[in-house]
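A.B. asks: First the structure, which I've put down as structure tokens, then a few questions once you've had a look.
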Amino acid sequence: MKDMPDQDSLPPVTEVCVAAMIAIIAGGIYMASHLPKAAATTLPIIVIVVGFALIGWNVLVLSRLREFSWSSFWLVGRWALLAYVVIGGMLAFVFVRDGTRGTQLVLVTLMLIAYALIIPMLLAFSVARYQPPDDY
Amino acid sequence: MADMTHEASVPLAGQPAGAFDRSQLQIVPLRGLPIVGVVLGLLVATIAADWGWGLDFFHVVGGGLWTAIDLFVGFVVGPIIGRLSIPARIEFSARFMPKMLLLMPTLVICTMASGWQLGHHLGFTDASYFRHGWIVASYIVVGVMSVIALGILEPANLAVLFELKKPNPNRELIAKLMKRFIYTAGVTGAMQVATLVIMTRIASA
């Protein structure tokens with residue numbers, strides 16, 4: 001059994017996750033800096049689309065991986081997802097508590113959802129890439 | 001003084017007492033989870049009740065600890081780890097990193113959630129606030145720190161812990177990932193200096 005997959009053969013999931021994270025954070029800062037007025041929605045919508053497109057691309061390239069430690073990926077991924085759903089939920093709670101409503105709330109929620117997907121994916125991949133691949 | 005050194009008898013070689021058993025390594029210290037649960041529960045209750053002192057407490061204590069730990073790890077602990085032998089680094093990491101894995105996200109969420117609510121009440125998050133530029137700068141600093149901590153530092157931390165769980169850990173890989181951890185801890189430490197400047201500037205307004 002291999003000790004770990006050939007690192008050069010793995011897709012750039014980490015880099016794509018970081019790019020998605022940067023896009024989402026930039027959108028969040030843009031929206032927050034305009035409060036209490038509603039910021040123009042064009043930029044937040046663009047970053048959300050970019051963020052989810054990058055997540056989708058990662059899901060696609062990950063689904064094509066065969067020699068990979070999927071058991072480690074899911075082990076880390078599910079617990080990290082739980083943690084970031086709690087964190088994202090708390091931040092959403094604060095926004096709702098502060099009276100964020102309508103389009104702004106939808107955009108913020110979508111950003112938090114993207115955030116809560118990106119980080120577990122990043123953590124899970126970072127661990128699984130150094131683990132022996134599962135038998136398949 | 002010389003007599004004292006003769007009297008002290010400390011074993012210097014061989015297996016040290018209480019040597020760390022890696023097979024017992026817990027990546028997430030389960031005993032800490034109830035404490036985290038209680039802290040987060042109190043945070044939610046404080047925000048829901050709009051309890052002024054509670055918000056202040058969470059923001060000041062959480063932010064103070066976050067900043068101090070980042071600075072201490074970045075500029076004191078990090079360089080020391082960098083000079084340790086690989087076995088010493090491994091033993092230190094196996095004891096240190098699981099605690100950080102639980103502590104830091106808790107401090108960050110407490111600081112950010114209470115800080116946002118506090119800023120909202122005090123009018124600091126309002127775009128018309130006369131030092132709004134400093135507030136936006138703080139968002140940017142936190143954003144950069146998030147990318148570094150969650151994109152580089154935390155994955156390296158977690159990967160080291162999983163490597164340590166293996167019967168024969170890859171020392172080269174651990175050394176490589178630890179180097180990443182040490183450098184990024186230094187960068188987040190430097191970013192915390194910016195946080196201190198911004199927060200004291202806002203507080204003195």
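The values are calculated or read from the model by the stated rules, or taken from the named source; none is laboratory data. Owing to the predicted nature of the structure, the values given are computational and were not obtained by experimental measurement. Note that each Cβ is placed from the backbone with ideal geometry, even for glycine, and that neighbours are counted across all protein chains shown.
A.B. asks: Just checking, how many residues over the range A:36-81 are of a type outside the set (A, V, I, L, M, F, W, C), outside any helix (DSSP H, G or I), within 30 Å of A:TYR130 (Cβ to Cβ) and out of contact with any Asp or Glu (no Cβ under 9 Å at 6 or more places or on another chain)?
C.D. replies: Within the range A:36-81, residues that are of a type outside the set (A, V, I, L, M, F, W, C), outside any helix (DSSP H, G or I), within 30 Å of A:TYR130 (Cβ to Cβ) and out of contact with any Asp or Glu (no Cβ under 9 Å at 6 or more places or on another chain) number 2.
A.B. asks: Sticking with this one: Could you check the range B:117-135 and list, in sequence order, the residues that are within 28 Å of the chain's Cα centre (by Cα) and either of a type in the set (S, T, N, Q) or loosely packed, with under 14 Cβ neighbours inside 10 Å (or both)?
C.D. replies: B:GLN117, B:HIS121, B:LEU122, B:THR125, B:GLY133
So that you can scan it fast, the table gives a plain yes or no per residue for (1) aliphatic (A, V, I, L, M); (2) out of contact with any helix residue (DSSP H, G or I) (no Cβ under 8 Å at 6 or more places or on another chain); (3) within 14 Å of chain A (Cβ to nearest Cβ); (4) closer than 16 Å to A:GLN131 by Cβ:
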position	(1), (2), (3), (4)
B:PRO155	no, no, yes, yes
B:LEU158	yes, no, yes, yes
B:LYS165	no, no, yes, yes
B:ASN168	no, yes, yes, yes
B:THR188	no, no, no, no
B:THR195	no, no, no, no
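A.B. asks: Among the numbered conditions (1) within 23 Å of A:ILE25 (Cβ to Cβ); (2) among the hydrophobic types (A, V, I, L, M, F, W, C); (3) at pLDDT 85 or above, tell me where B:ILE174 comes up short.
C.D. replies: With respect to (1) within 23 Å of A:ILE25 (Cβ to Cβ); (2) among the hydrophobic types (A, V, I, L, M, F, W, C); (3) at pLDDT 85 or above, B:ILE174 is out only on (1).
A.B. asks: Look at the range B:157-180 and say how many of its residues are buried (at least 20 other Cβ atoms within 10 Å of the Cβ) and without any contact (Cβ under 8 Å) to a residue 40 or more places away in the chain.
C.D. replies: 3
A.B. asks: Still on this structure, please answer the following. Can you pull out the residues in the range B:72-89 that are surrounded by fewer than 21 Cβ atoms within 10 Å (Cβ to Cβ), hydrophobic (A, V, I, L, M, F, W, C) and in contact with a helix residue (DSSP H, G or I) (Cβ under 7 Å, 6 or more places away or on another chain)?
C.D. replies: B:PHE75, B:ILE81, B:LEU84, B:ILE86
A.B. asks: Does any residue in the range B:25-38 that is under 15 Å from B:VAL160 (Cβ atoms) and away from chain A (no Cβ under 13 Å) come within less than 9 Å, Cβ to Cβ, of a residue that is surrounded by 15 or more Cβ atoms within 10 Å (Cβ to Cβ) and hydroxyl-bearing (Ser, Thr, Tyr) six or more places away or on a different chain, and which pairs are these?
C.D. replies: none
A.B. asks: Of the residues A:VAL85, A:VAL106, which is within 25 Å of B:PRO98 (Cα to Cα), more than 10 Å from chain B (Cβ to nearest Cβ) and within 19 Å of the chain's Cα centre (by Cα)?
C.D. replies: After applying the criteria, what remains is A:VAL85.
A.B. asks: With the structure loaded, tell me whether B:MET199 is facing chain A (nearest Cβ under 10 Å) and either modelled with pLDDT under 85 or surrounded by 15 or more Cβ atoms within 10 Å (Cβ to Cβ) (or both) or whether it fails that test.
C.D. replies: no
A.B. asks: May I pose another question? Please go through the range B:122-144 and give me each residue that is part of a helix (DSSP H, G or I), within 8 Å of chain A (Cβ to nearest Cβ) and small (Gly, Ala, Ser), ordered by number.
C.D. replies: Selection gives B:GLY143 alone.
A.B. asks: Moving on. Have a look at B:LEU55, B:LEU71, B:LEU42 and point out the one that is under 25 Å from B:ALA185 (Cα atoms) and either part of a helix (DSSP H, G or I) or without any contact (Cβ under 8 Å) to a residue 60 or more places away in the chain (or both).
C.D. replies: Only one candidate qualifies: B:LEU71.
A quick yes/no check of all residues on (1) under 19 Å from B:SER85 (Cβ atoms); (2) among the aliphatic types (A, V, I, L, M); (3) within 12 Å of the chain's Cα centre (by Cα):
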position	(1), (2), (3)
B:ILE148	no, yes, no
B:LEU153	no, yes, yes
B:LEU177	yes, yes, no
B:THR184	no, no, yes
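A.B. asks: Over 30 Å from B:LEU173 (Cβ atoms), part of a helix (DSSP H, G or I) and touching a Gly at 6+ places or on another chain (Cβ under 8 Å): is that true of B:GLY119 in this structure?
C.D. replies: Considered against the rule, which asks whether it is over 30 Å from B:LEU173 (Cβ atoms), part of a helix (DSSP H, G or I) and touching a Gly at 6+ places or on another chain (Cβ under 8 Å), B:GLY119 comes out as no.
A.B. asks: Now for a different question. Could you figure out which of (1) under 29 Å from B:LYS176 (Cβ atoms); (2) at the interface with another protein chain (Cβ under 9 Å from one of its Cβ atoms); (3) hydrophobic (A, V, I, L, M, F, W, C) isn't true of A:LEU117?
C.D. replies: Every condition holds for A:LEU117 apart from (2).
A.B. asks: Out of A:PHE52, A:PHE68, report the one residue that is surrounded by 13 or more Cβ atoms within 10 Å (Cβ to Cβ), more than 11 Å from the chain's Cα centre (by Cα) and of a type in the set (A, V, I, L, M, F, W, C).
C.D. replies: A:PHE68
A.B. asks: What about A:ILE24, is it closer than 22 Å to B:VAL136 by Cα, β-branched (Val, Ile, Thr) and within 13 Å of the chain's Cα centre (by Cα)?
C.D. replies: So A:ILE24 passes the test.
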